[in-house]
Amino acid sequence: MTQRLSPHRWSVFVTPVFLIVLTACGSTTQQTQQAPEPMIPTEIPTRVAQADSVTVVTGRERPPALLGVDLDTVRAGRFDDGKMWTFEYPPLEYFAATYGITPDSAWFVKARLGALRLPNCSASFVSPNGLVLTNHHCARESVTEVTRDGETLLDAGFYAQSLSEERPAGETHADQLIAIRNVTEEVRGELAGALDDSARARIREETIEAIQERILEEFGGDGGGHVVEVISLWDGAKYSAYIFRRYEDVRLVLAPELQIGFFGGDPDNFTYPRYNLDMSFYRIYGDDGQPLQTKYYFPWGRRGTQQGEAVFVIGNPGSTNRLQTVAQLEFRRDVQDKAILDLVSSRADALQAFADAHPEEAEELDLRNDIFSLRNSEKAYRGMWQGLHDPLIMAKRRDSERRFRQSIASNPDLRVKYGGLLDRMAEIQRRKLDLAADYRAFVALGNPRFTSTTLLRALNAFRYFSARDGGAPSQVLDALKEDMLNIEDQPAQMQVGLLTARLRDIERGLGPDDPVVRQLLAGRTPQAAAQAIFTESVLGSSGTTQTALDAGTLSMSDPAIEALSVMLPRLASYQRSFTGLLQDEGELANQLGLARFDVYGTTIPPDATFSLRIADGVVQGYEYNGTVAPAHTTFYGLYDRFYAHSGTDWDLPERWLSPPPSFDLSMPLNFVLTADIIGGNSGSPVLNTDLELVGLIFDGNIESLPGDYIYDPRSNRAVAVDALGILEALDDIYDADRIVLELTSGRLVPTEAEADAAMVGGR
């Protein structure tokens with residue numbers, strides 16, 4: 001399940017998060033008084049491989065396959081930087097030479113307007129009546145949202161038998177890219193007068209905001225049903241304004257049981273062969289409250305796919321970092337990715353321990369989805385981190401950088417403009433290494449997803465006391481109190497588990513003999529210290545916090561605030577230094593982006609930005625583990641897994657245990673293709689050259705784990721649900737004739753009974 005990292009941009013994995021009054025510094029949330037903030041990962045990718053599936057190589061070791069290989073002879077591949085092409089700059093000559101097709105403008109318009117972007121995934125129109133296809137895992141939150149008292153839709157599945165029963169999913173929306181404008185010259189023109197890097201960053205932000213507001217006004221302003229985003233391509237070499245039509249009335253139509261939508265569970269996650277019906281349907285309704293009528297959609301492919309057939313994935317890949325330098329990748333290998341891996345692993349363990357001890361309360365808190373997301377994130381970072389230890393991958397990246405450096409050095413104009421940039425970037429990474437211990441200790445401190453509410457309230461309490469002592473007006477203090485009280489409560493055991501994990505982060509990062517660690521732990525284990533802080537603090541619940549605030553008894557001597565105060569001096573120093581380095585790194589990345597574009601132009605695609613891309617490939621199996629993975633799997637394999645692993649993650653939902661005689665077990669269920677995907681592509685349609693939907697992206701194979709920084713078409717595979725398998729399941733397992741009829745004929749039938757009548761005699 002290649003989920004997105006964030007709805008916006010992810011060129012780095014850390015951003016500032018919480019604000020307290022110590023000193024001014026940049027933040028994603030602008031406030032007048034700010035303090036150094038702990039660095040946190042952005043939303044992170046999910047669905048990757050088992051820990052023991054990839055060899056971790058450290059030091060000078062090499063995996064057995066590389067013994068005897070002279071790494072100095074390794075050369076970069078043609079598509080190491082991927083094949084996520086933009087709609088502004090499609091590789092027409094490459095498509096013609098590789099696949100013998102010459103798509104015209106109408107082809108690209110249909111491909112663009114048939115695709116959709118959800119807040120967390122990709123999707124597409126699959127009928128003229130607003131029917132939308134995406135993954136089950138992309139709709140899991142909606143399934144939980146629409147579940148009513150007494151229902152267990154996540155386990156039992158959901159199907160609206162009529163239009164009137166399609167349930168509003170108010171927490172989601174769908175964006176359709178209706179227009180693209182090149183605004184590069186406008187942005188560059190404003191940047192031309194910048195005197196330094198800080199000014200460039202400020203002017204860029206202000207210019208982009210002004211462009212977005214101006215174009216949005218053309219489309220009716222804030223209430224006009226549109227969204228405008230200026231997308232930076234090639235790290236700022238080009239800028240495009242993307243205008244989206246936003247659909248707010250999105251209703252859930254069908255979602256299968258979790259057990260079949262995530263068949264094989266965590267063990268099968270990011271593997272192949274697979275047998276997964278990871279699909280769901282929404283419907284978009286228009287302003288008149290009726291199903292949206294749309295000219296652009298992808299007809300359902302009825303002829304299937306063949307080995308070697310050309311296919312295209314239209315979707316919104318979330319984030320890649322294939323333009324990062326070798327020095328940046330080495331910092332990720334040695335510090336960043338391992339720290340984030342430890343973070344998400346420990347928090348998943350804490351939530352799982354609580355869920356195991358209190359299953360009913362965990363279900364009420366929807367912890368299954370939270371743990372599911374964290375486990376996927378854990379595997380993602382493990383896979384990326386392990387790939388960074390692969391000597392062959394790093395050798396290919398070094399060769400690519402060597403060629404880039406030579407191209408700059410051999411051109412006098414480029415040498416004057418860009419000479420020394422790579423060395424400056426390497427120096428920044430060396431300076432970041434000096435802060436590695438602090439990075440490991442404080443990563444994600446203040447992020448609600450990874451932090452106990454006791455510590456979150458302590459952060460807000462510290463801001464409150466700092467503001468009060470600084471003479472802030474009463475309305476500011478009241479707002480800070482409100483922020484403190486609005487933090488949702490967590491169960492006690494969960495809080496202690498999350499606080500224990502944070503104290504372990506600090507002990508592991510700074511070392512047991514560090515003065516901060518000695519003062520925080522006072523000779524106790526992290527778990528004992530966490531239990532004591534939680535037990536003795538009044539900030540463990542909103543009720544006790546309210547009582548202390550009303551009585552005026554909350555003070556800086558509260559154990560949770562005292563613990564935070566121990567961290568803050570070290571944290572403040574680290575944050576000031578690291579934030580400055582990140583700002584310098586961002587500006588250097590922008591200049592390197594200009595340099596790469598001057599050298600290579602559009603022959604290599606830009607990094608993914610959760611914006612619409614078209615990725616080409618072919619349906620193709622591959623060699624693995626001494627055998628061959630087939631291009632397609634079938635329902636026969638699904639039942640083989642079930643009977644071979646009874647009582648495990650390969651159990652089947654009840655309705656699947658006795659399929660009707662008409663159910664064709666030989667129908668393809670999943671298949672693999674060479675298209676370049678990453679987090680965010682979940683739910684992307686797989687299309688043949690006629691733009692018929694033949695599959696639905698939901699995952700990648702284990703070899704695709706390092707895809708964040710390199711793409712290898714020899715072994716990287718995207719994994720898709722086959723359109724033929726989806727139709728077979730809808731027809732014979734779910735008896736969803738209303739949807740089958742719509743997919744196969746475009747007819748909108750209000751009820752299942754009417755669809756049954758219409759299909760008498762066959763469709």
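The values are calculated or read from the model by the stated rules, or taken from the named source; none is laboratory data. Note that the structure is a prediction, hence the values are computed from the model and not measured. Here the Cβ is made from the backbone with ideal geometry for all residues, glycine too, and neighbour counts use every protein chain on show. The accessibility values were calculated without ligands, DNA or RNA, using every heavy atom of the protein model including side chains. Shrake-Rupley method; radii C 1.70, N 1.55, O 1.52, S 1.80 Å.
Things worth noting here:
- Scan the stretch 410-433 for residues that are open to solvent by 80 Å² or more (accessible area, probe 1.4 Å) and of a type in the set (V, I, T) and the total you get is 1.
- Residues that are more than 29 Å from A106 (Cα to Cα), open to solvent by 50 Å² or more (accessible area, probe 1.4 Å) and modelled with pLDDT of 95 or more are absent from the stretch 195-202 altogether.
- Single unsatisfied condition, G683 versus (1) out of contact with any helix residue (DSSP H, G or I) (no Cβ under 6 Å at 6 or more places or on another chain); (2) over 30 Å from Y239 (Cα atoms); (3) open to solvent by less than 20 Å² (accessible area, probe 1.4 Å): (2)
- A380 vs. criteria open to solvent by less than 30 Å² (accessible area, probe 1.4 Å), within 30 Å of T152 (Cβ to Cβ) and in a helix (DSSP H, G or I): yes
- Count - residues of the stretch 439-454 that are open to solvent by 10 Å² or more (accessible area, probe 1.4 Å) and assigned to a helix (DSSP H, G or I): 1
- Selection within the stretch 214-237 - touching a Gly at 6+ places or on another chain (Cβ under 7 Å) and either among the charged types (D, E, K, R) or assigned to a loop (DSSP other than H, G, I, E, B) (or both): D235, A237
- Only one of the numbered conditions (1) in contact (Cβ under 8 Å) with a residue 60 or more places away in the chain; (2) open to solvent by 20 Å² or more (accessible area, probe 1.4 Å); (3) more than 28 Å from the chain's Cα centre (by Cα) is not met by V476, and that is (1).
- If the condition is being hydroxyl-bearing (S, T, Y), under 15 Å from D489 (Cβ atoms) and under 34 Å from the mean Cα position of the chain (by Cα), then the stretch 513-569 contributes S541, S542.
- Any hit, the stretch 415-425, residues being among the small types (G, A, S) and under 26 Å from E587 (Cα atoms): yes
- Residues in the stretch 78-100 that are open to solvent by 30 Å² or more (accessible area, probe 1.4 Å), polar (S, T, N, Q) and within 21 Å of Q324 (Cα to Cα): none.
- Test: residue in the stretch 730-751 that is closer than 16 Å to A615 by Cα and of a type in the set (S, T, Y): no
- Only one of the numbered conditions (1) open to solvent by less than 10 Å² (accessible area, probe 1.4 Å); (2) in contact (Cβ under 8 Å) with a residue 24 or more places away in the chain is not met by A362, and that is (2).
- Total residues in the stretch 341-375, condition aromatic (F, W, Y) and under 22 Å from the mean Cα position of the chain (by Cα): 1
- Selection status of R504, within 23 Å of V443 (Cβ to Cβ), open to solvent by 30 Å² or more (accessible area, probe 1.4 Å), not in a helix (DSSP H, G or I) and not aliphatic (A, V, I, L, M): no
- For the stretch 479-490, the candidate set comprises residues that are open to solvent by less than 80 Å² (accessible area, probe 1.4 Å) and under 12 Å from Q546 (Cα atoms); within that set, the residue that is nearest to the chain's Cα centre (by Cα) is I487.
- The single condition from (1) over 30 Å from N701 (Cβ atoms); (2) free of Cβ contacts under 8 Å to residues at least 40 places away in the same chain that K417 fails is (2).
- Across the stretch 642-673, the qualifying residues are those that are open to solvent by less than 10 Å² (accessible area, probe 1.4 Å) and touching a strand residue (DSSP E or B) at 6+ places or on another chain (Cβ under 7 Å), and the one among them that is farthest from A156 (Cα to Cα) is L673.
- Yes/no for A461 being open to solvent by less than 60 Å² (accessible area, probe 1.4 Å) and more than 28 Å from F578 (Cα to Cα): no
- Of all residues in the stretch 686-728, those satisfying the criterion of being surrounded by fewer than 24 Cβ atoms within 10 Å (Cβ to Cβ), among the acidic types (D, E) and more than 21 Å from D664 (Cβ to Cβ) are D690, E703, D712.
Rundown of residues vs (1) modelled with pLDDT under 95; (2) over 30 Å from K110 (Cβ atoms), yes/no style:
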{"site": "K295", "(1), (2)": "no, no"}
{"site": "G308", "(1), (2)": "no, no"}
{"site": "S319", "(1), (2)": "yes, no"}
{"site": "Q324", "(1), (2)": "no, yes"}
{"site": "R332", "(1), (2)": "no, yes"}
{"site": "E364", "(1), (2)": "yes, yes"}
{"site": "R375", "(1), (2)": "yes, yes"}
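- Taking (1) closer than 30 Å to L258 by Cα; (2) in a helix (DSSP H, G or I) in turn, T172 satisfies each apart from (2).
- D175 meets each of the listed conditions (1) within 23 Å of P750 (Cα to Cα); (2) open to solvent by less than 40 Å² (accessible area, probe 1.4 Å); (3) charged (D, E, K, R) apart from (1).
- A single member of L233, L191, L195 is touching a Pro at 6+ places or on another chain (Cβ under 6 Å) and within 19 Å of L592 (Cα to Cα), and it is L233.
- Residue list for the stretch 101-128, filter: open to solvent by 10 Å² or more (accessible area, probe 1.4 Å) and of a type in the set (S, T, N, Q): T102, S105, N120
- Residues in the stretch 522-550 that are under 19 Å from A467 (Cα atoms) and open to solvent by less than 70 Å² (accessible area, probe 1.4 Å): L539, T545, A548, L549.
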